[in-house]
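> Got a structure for you, written out below as structure tokens; questions coming shortly.
The values are calculated or read from the model by the stated rules, or taken from the named source; none is laboratory data. The model shown is predicted, which means the values in this text are computed figures rather than measured ones. Ideal geometry is used to build each Cβ from the backbone, glycine not excepted, and the neighbour counts take in all protein chains shown.
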Amino acid sequence: MKKILFALTVLVGLSSYAQPTEVPAEVQNSFNAHFKNAQMARWVAIQDSHVATFSMDGQTWRDAYFTNEGEFKGVGHFITFDVLPISVQEKLNDYSNYQILEMYQFDGTESGICFFATLRNETSNLTLKLDDTGYVAYSKKDRIKQSKKVSDALAAADKKH
């Protein structure tokens, strides 16, 4: 489960930078069995997993997660705040000093439905994993690094005032 959590975190954070990859036959066969009418967009390899981004209706994109052996682990997709369960919305309101950048719903074969929120304020990025009751099962906070030029300019401006 930790590997799938890591893969989700990486995919959500870096989805636009992912490169296409060669897919093992077991993984491709498993995908075809689970999603017969899917329209493929791309495959991405992350650690010992493969993720397929696909559409069933030509409009809604989903990500299907598989081990390298072809075991299906779950499916996820980006969502908006308004479709979250009320309990998850209420929990995210506790983070009012952050802006919500992305929301991602994952329906795992082992863990059920969970939600990933990527948040940001002036000083840090925050990634949360929440269950459907709003419980925060995982959080990761990263400080935003300011460039030296920006820091120097801010310090010079402060000295003038």
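> Got a number for residues in the stretch 43-57 being buried (at least 21 other Cβ atoms within 10 Å of the Cβ) and closer than 17 Å to ASN32 by Cβ?
Matching residues across the stretch 43-57 total 4.
> Report whether or not GLU122 is free of Cβ contacts under 8 Å to residues at least 24 places away in the same chain and assigned to a loop (DSSP other than H, G, I, E, B).
Yes.
> Across the stretch 61-114, which residue is farthest from PHE31 (Cα to Cα) among those that are of a type in the set (Gly, Ala, Ser) and surrounded by fewer than 16 Cβ atoms within 10 Å (Cβ to Cβ)?
Among them, the one singled out is SER96.
> Which of the residues spanning the stretch 22-42 are over 9 Å from PHE54 (Cβ atoms), crowded, with 16+ Cβ neighbours inside 10 Å and touching a strand residue (DSSP E or B) at 6+ places or on another chain (Cβ under 6 Å)?
VAL23, VAL27, SER30, listed by residue number.
> Working only within the stretch 114-161, note down all residues that are modelled with pLDDT of 60 or more and among the hydrophobic types (A, V, I, L, M, F, W, C).
Result: CYS114, PHE115, PHE116, ALA117, LEU119, LEU126, LEU128, LEU130, VAL136, ALA137, ILE144, ALA156.
> Do you know which residues across the stretch 56-70 are under 19 Å from the mean Cα position of the chain (by Cα) and modelled with pLDDT of 95 or more?
Across the stretch 56-70, the qualifying residues are ARG62, ASP63, ALA64, TYR65, PHE66, THR67.
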